[in-house]
Structures are given as C-alpha cells and as structure tokens.
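Below is one structure; the comments refer to it alone.
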Amino acid sequence: MYEVKFNKVALTGRCVCRMYEHLGIPCRHIIAVLNKKNVAKIPVTFIQRRWTRDANRVDGMLPYAMGCDDPTSTELTPTQRFNHMTLLTMSFCHSSMVSKERYEYALEVMNREIANLEKMAVDNVDAAPNTNTENPIEENIGDELNEPVLDPIVSQTKGRKKPQHFKNPIEGLNKKKRKCKQCHEEGHDIRTCKKFGDQNKSC
C-alpha cells in the first residue's frame with residue numbers, strides 16, 4: 001500500500017515511494033491518482049526540465065552554484081574558478097548565437113579580452129605556465145635509448161596454435177595433390193605448367 005498526497009488545485013503530489021524525487025519520473029501510484037482525479041494531462045509540476053527540449057538552453061545570467069557566496073573570493077580553487085567561468089560563458093554563447101551582429105560583437109570582445117588576460121599576472125598554482133625549457137620527454141623517461149625498439153608481442157588468439165595443431169594421420173592422406181589438366185602430371189596446374197607454357201611460346 002502506497003500513500004499519495006495530491007493537491008488538485010496546484011496539481012502537485014508526492015508518493016511515499018519517492019520515485020519522482022530520486023529519478024525525476026512520476027511513479028505509477030501518482031499516475032493512478034491522476035487518472036482517478038480525471039487529470040488528462042501530466043501536470044508540468046511532474047515534468048522536470050532535464051526531460052524537455054530546453055534542457056540545455058540557458059536564459060540570461062546563470063546563478064552561481066559553486067557553494068560560495070562570493071564568486072570573486074580569492075579562496076576559490078582554480079577548479080572552482082574554471083567551473084564558474086564555464087557557466088558564465090555558456091550563457092554568453094547562447095546570447096551571441098541568435099544573430100550575426102551579436103556573434104561578431106561577441107567574437108571581437110572575446111579576442112580583445114583574451115589578449116588582455118594573457119598580459120595579467122598569474123597566481124602560484126598548478127595552472128601556471130611551465131617555464132622549464134628542457135625536453136619534457138627526456139625529463140619523464142630519462143636519456144635516449146640506444147637499444148633497438150622491437151615489435152610488440154603478438155597476443156594469443158582463440159584456438160590452438162598452428163605448430164601445436166593436432167593432425168589426424170588420415171588428414172594427410174585425404175589431401176589431394178594438384179594435377180595439371182594439360183600434361184596430367186601432379187604438383188602443378190595448367191597455369192604453371194612448363195610444357196603448356198613452352199607450347200604457347202612456340203606458337
């Protein structure tokens with residue numbers, strides 16, 4: 001027995017199974033109540049935005065949802081700054097794509113501001129540029145190797161290896177040898193027959 005609390009005026013409801021809260025999909029108990037209350041259409045209160053066509057659409061400025069009241073705080077980690085800027089640039093991109101004039105203006109602004117950012121100082125964090133002028137490959141693996149690099153070992157495929165394949169003694173006896181239809185000798189066919197080839201040359 002599942003209990004469903006339903007408000008017919010606001011078209012809101014909640015079931016004790018909490019399927020909608022966990023998966024975002026109304027459970028069969030809520031659907032049964034909607035049918036009993038003669039609600040022919042699923043209310044918008046039971047349709048989350050992630051199931052709609054506007055799931056990826058961004059309207060206006062995005063709220064800062066990083067768990068910090070001040071997005072300009074110096075206590076933010078580089079990852080938090082990156083995530084915050086990603087949200088803002090998504091809104092910027094959606095606003096600039098609706099017209100050619102907006103796109104060209106946004107492109108000009110981005111190029112100008114990126115150039116200004118490159119001139120500014122950076123914090124002493126992991127994201128700072130690498131000033132090491134040495135070869136990064138030699139730094140990781142050491143000096144150059146003088147030994148030749150061999151081909152990789154071929155992995156074992158399914159089935160028995162060819163040298164270890166067990167052959168029935170009768171298998172070799174039943175194998176037919178090639179026989180030439182021109183000279184009727186074994187070991188070759190008409191395409192490689194020397195006598196037939198000599199006859200063609202003489203012609």
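The values are calculated or read from the model by the stated rules, or taken from the named source; none is laboratory data. Please read these numbers as outputs of a predicted model, since none were measured by experiment. Positions of Cβ are backbone-derived with ideal geometry, glycine not excepted, and every protein chain shown enters the neighbour counts.
Out of the residues in the range 30-57 that are of a type in the set (Lys, Arg) and either more than 27 Å from residue 90 (Cβ to Cβ) or in contact with a Phe, Trp or Tyr (Cβ under 8 Å, 6 or more places away or on another chain) (or both), state the one that is surrounded by the fewest Cβ atoms within 10 Å (Cβ to Cβ).
41
Take residue 114 and decide whether it is modelled with pLDDT under 90, in a helix (DSSP H, G or I) and within 30 Å of residue 82 (Cα to Cα).
Judged against the criteria, residue 114 is not a match.
For the range 24-38, which positions are hydrophobic (A, V, I, L, M, F, W, C) and over 15 Å from residue 5 (Cα atoms)?
The one that is hydrophobic (A, V, I, L, M, F, W, C) and over 15 Å from residue 5 (Cα atoms): 25.
Any residue in the range 18-29 that is in a loop (DSSP other than H, G, I, E, B), without any contact (Cβ under 8 Å) to a residue 60 or more places away in the chain and surrounded by 16 or more Cβ atoms within 10 Å (Cβ to Cβ)?
Looking through the range 18-29, at least one residue is in a loop (DSSP other than H, G, I, E, B), without any contact (Cβ under 8 Å) to a residue 60 or more places away in the chain and surrounded by 16 or more Cβ atoms within 10 Å (Cβ to Cβ).
Every residue, every condition in (1) outside any loop (DSSP other than H, G, I, E, B); (2) surrounded by 10 or more Cβ atoms within 10 Å (Cβ to Cβ); (3) modelled with pLDDT under 85, yes or no:
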| site | (1), (2), (3) |
| --- | --- |
| 59 | no, no, yes |
| 64 | no, yes, yes |
| 67 | no, no, yes |
| 72 | no, no, yes |
| 76 | no, yes, yes |
| 84 | yes, yes, yes |
| 88 | yes, yes, yes |
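As an exercise: evaluate residue 41 against (1) farther than 22 Å from residue 21 by Cβ; (2) basic (Lys, Arg); (3) modelled with pLDDT of 85 or more; (4) not in a helix (DSSP H, G or I) and give the number of the one condition it does not meet.
Tallying (1) farther than 22 Å from residue 21 by Cβ; (2) basic (Lys, Arg); (3) modelled with pLDDT of 85 or more; (4) not in a helix (DSSP H, G or I), residue 41 fails exactly one: (1).
Among residues belonging to the range 159-185 that are at pLDDT 75 or above and exposed (fewer than 10 other Cβ atoms within 10 Å of the Cβ), point out the one that is nearest to the chain's Cα centre (by Cα).
The qualifying residue nearest to the chain's Cα centre (by Cα) is 177.
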